[in-house]
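Peer 1: Please find one structure pasted underneath; my questions will follow.
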Amino acid sequence: MPVFIDPRICDKQIICDLMKVCPMNAIYQDEKEGTVGVDTTKCNECMLCVKACPYLAVRAARDMNELGEFKVRSGTIKFDRDEHLRRIYGDGPGSIGKAELDDSNFQDKVSSKTPTLVSFWGAHSSVIAPSLEWIASKYKGKLNVAHIKVAENPKSRKEYAITTTPTLILFKNGRQIGRLEGIRHRETVRVWIDMKLKAR
């Protein structure tokens, strides 16, 4: 399944994180325009880039003909990027949205004396929203639970090498003491939190 990076969605960041993920060095970036593309002669169709892109800008096609159709549509059909991001990110994890972080306040918030669980929020993260609500309730007063949207906070995304969402990182006194990637059952997260906090 050949892949294509939709330029209407890609944020054209200075150094695309997908270039670090691709094992075949098939992801390239135009230095002048900032646009990111895929060299189909190098791509082994492992789909790591599809999973890693926080914007869902990488599209997998059934064959080269469909890939060509994707490219034509991306250049001729209007696209609302903001609506696309709202659709994949949702409105945040319920009441936990009150504890939303960003690049400007991240370090201050995770340096709290109370341990802090941060969800790096991106595509598919809404699946774990109920689990985060449950964790926040269960550890009320003992653990802060917050989230940060990776698409809007590139500094934090790069500093913590976020290549998949959701990613949960547990902090204590400003220091990372644990990390979980992908969708996990709430009991798995609970046991992991208990183990990490008791170990400290």
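Where a number appears in this text, it was derived from the coordinates with a stated rule and is not lab data. Since we're looking at a predicted model, the values are computed, not measured. Here Cβ is always computed from backbone atoms with ideal geometry, including for glycine, and neighbour counts include all displayed protein chains.
Peer 1: Would you order 66, 187 from fewest to most other beta-carbon atoms within 10 Å of each residue's own beta-carbon?
Peer 2: Fewest to most other Cβ atoms nearby, the residues stand as 187, 66.
Peer 1: Mean-square fluctuation check for the chain, GNM, Cα pairs under 10 Å: which of 48, 132, 170 is largest?
Peer 2: Maximum among the listed residues: 48.
Peer 1: Counting other beta carbons within 10 Å of each Cβ, put 10, 49 in order, fewest first.
Peer 2: Result, fewest neighbours first: 10, 49.
Peer 1: Students often check this: by mean Cβ neighbours within 10 Å, which of 33-45, 137-149 ranks highest, and how do the rest follow?
Peer 2: Values: 33-45: 14.0, 137-149: 17.0.
For the peptides 33-45, 137-149, the packing ranking is 137-149, 33-45.
Peer 1: In the set [x] 45; [y] 25; [z] 28, which value of percent of Cα pairs over 31 Å apart was calculated from the structure you see?
Peer 2: [y]
Peer 1: To the nearest 20 debye, what is the magnitude of the charge dipole of the stretch 3-79 about its Cα centre, counting +1 on the Cβ of each Lys and Arg and -1 on the Cβ of each Asp and Glu?
Peer 2: 180 debye
Peer 1: Taking neighbour Cβ counts within 10 Å as the exposure measure, how do 184, 175, 59 sort from fewest upward? Please report the intermediate quantities before stating the final value.
Peer 2: Numbers: 184 15, 175 10, 59 20.
Least to most surrounded, the residues fall as 175, 184, 59.
Peer 1: From Cα pairs below 8 angstrom and at least 6 apart in sequence, can you work out the relative contact order of the chain, rounded to a whole percent? Intermediate values should be presented prior to the final figure.
Peer 2: Details: 319 pairs, mean separation 40.4, N = 200.
For the chain, the relative contact order is 20 percent.
Peer 1: Compute the relative contact order of the stretch 89-198 as a whole-number percentage, counting only Cα pairs closer than 8 Å that sit 6 or more residues apart in sequence. Kindly include the intermediate steps, with their values, before the conclusion.
Peer 2: Values: 184 pairs, mean separation 37.5, N = 110.
Once divided by the residue count of the stretch 89-198, the mean separation gives 34 percent.
Peer 1: Using a 7 Å offset from the Cα along the Cα-to-Cβ direction at both residue 113 and residue 84, what is the distance between the two label points in nm, to one decimal?
Peer 2: 4.7 nm
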